Amino acid sequence: MTDQVNVELTQDDLAALQGLKEASEKVKAELGKVIVGQDEVIEQLLIAIFAQGHCLLEGVPGLAKTLMVSTLAGSLHLDFNRIQFTPDLMPSDITGTEVIQEDKATGGRSFKFLPGPIFANVILADEINRTPPKTQAAMLEAMQEKKITIGGQDHTLSPPFFVLATQNPIEQEGTYPLPEAQQDRFMFKVFVRYPSFEEEYHIAETTTANFDPQVDAVLSGDDIVRLQGIVRRVPVAPHVINYALRLVRATRVLEGDAPEFIQEWVSWGAGPRGVQYLILGGKAKAALEGRTFVTTDDVKAVAHPVLRHRVLTNFNAESEGINSDKVIDKLLETVEEKGEMSRENALAFAG
């Protein structure tokens, strides 16, 4: 089974992986011209892009979320659209609509499709929880199917297609929180935190001066699509899949082997998408570092953004000040790594 799934990488693939490592460093350098700090957030965004996933970003206003995404799109030579979600936003405001067009020569009329802002490579869905469920659903359909349907006609979205949705955690009045099943469509839930004192000093110093850095494009859309395919072919050893599977299954309260603290603090655990995204995230992280094998450390590195919106805590946890991240911390301490490979054996497995 493993031989059928893990297709051997060619010499061209290996060269492309090394090029991806160099390109990711260049992307981070270009972002560093504009964005101060947020290294972990930037790395998680890059992992999600090359794993063909979407991100749900949570942070208070003013942390440069929009600037970060638009700069990332510019450094990757991708089309970028920002959609500001409001209570009166309609699905057609996102997807586009059909209008009646008259042919002046013949007098005949026909429908013409006018594309909406969803037709771009990178979409910032700003404050997605401020729009009603029917509009949220239109966005999530495009994320899942990579196409939209208007008047019975399918319109395919051009790859690569990446959605970054933001939520404001401090203001919930007049919002429509995404249901857990819809949050599950996002590969990562990423927290954008306040900068450090030194970083904020640098922000204050540069942004209040005549400061206009130019960002250069590092990769094209075609390059990204090709590298996404290579990331999928990065081999994963059975013990890594086993570890990711045991992590996810340990979050399920109804499973007999769930740890005691899970039964005490968790109301609902992660589904199969959790395992899929742990593996894909591990593959993308390894590829961004130029490696042709995935380790359990790669799985651990993406465990928090993958699982934090898939592990739902109960009242007992909330009363004790326990959130999903703390549950995941304890989970990583509890679930053992069985059959861990040495680096040499992992290299041999990768061929």
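When THR149 is tested against (1) outside any helix (DSSP H, G or I); (2) surrounded by 13 or more Cβ atoms within 10 Å (Cβ to Cβ), just one condition goes unmet, and that condition is (2). Would you confirm whether any residue within the stretch 95-105 is surrounded by fewer than 19 Cβ atoms within 10 Å (Cβ to Cβ), at pLDDT below 90, in contact with a Leu (Cβ under 8 Å, 6 or more places away or on another chain) and closer than 30 Å to LEU227 by Cβ? Within the stretch 95-105, one or more residues are surrounded by fewer than 19 Cβ atoms within 10 Å (Cβ to Cβ), at pLDDT below 90, in contact with a Leu (Cβ under 8 Å, 6 or more places away or on another chain) and closer than 30 Å to LEU227 by Cβ.
Among residues of the stretch 269-303 being closer than 28 Å to GLU318 by Cβ and among the β-branched types (Val, Ile, Thr), the one that is nearest to the chain's Cα centre (by Cα) is VAL302. Being more than 21 Å from the chain's Cα centre (by Cα), at pLDDT 90 or above, β-branched (Val, Ile, Thr) and under 18 Å from ASP184 (Cβ atoms): is that true of VAL266 here? Answer is yes for this residue.
Annotation: GLY108 fulfils all but one of (1) among the small types (Gly, Ala, Ser); (2) touching a strand residue (DSSP E or B) at 6+ places or on another chain (Cβ under 9 Å); (3) in contact (Cβ under 8 Å) with a residue 12 or more places away in the chain; the unmet one is (3).
Figure legend. Inter-residue proximity from the stretch 183-201: first residues at pLDDT below 90, second residues in a loop (DSSP other than H, G, I, E, B), beta-carbon distance below 6 Å, spacing 6+ or different chains. Indicated pairs: GLN183/HIS309; VAL192/GLY59; VAL192/LEU63; PRO195/GLY37; GLU199/VAL36; GLU199/GLY37. Restricting attention to the stretch 326-348, and to residues there that are among the polar types (S, T, N, Q) and either assigned to a loop (DSSP other than H, G, I, E, B) or modelled with pLDDT of 90 or more (or both), which single residue is surrounded by the most Cβ atoms within 10 Å (Cβ to Cβ)? Per the stated criteria, the residue is THR334.
Exactly one residue among ALA51, ALA29 is surrounded by fewer than 20 Cβ atoms within 10 Å (Cβ to Cβ) and of a type in the set (Gly, Ala, Ser), and that residue is ALA29.
The values are calculated or read from the model by the stated rules, or taken from the named source; none is laboratory data. None of the values given here were measured: they were computed from a predicted structure. Neighbour counts are summed over all protein chains in view; Cβ atoms, including those assigned to glycine, are modelled from backbone coordinates with ideal geometry.
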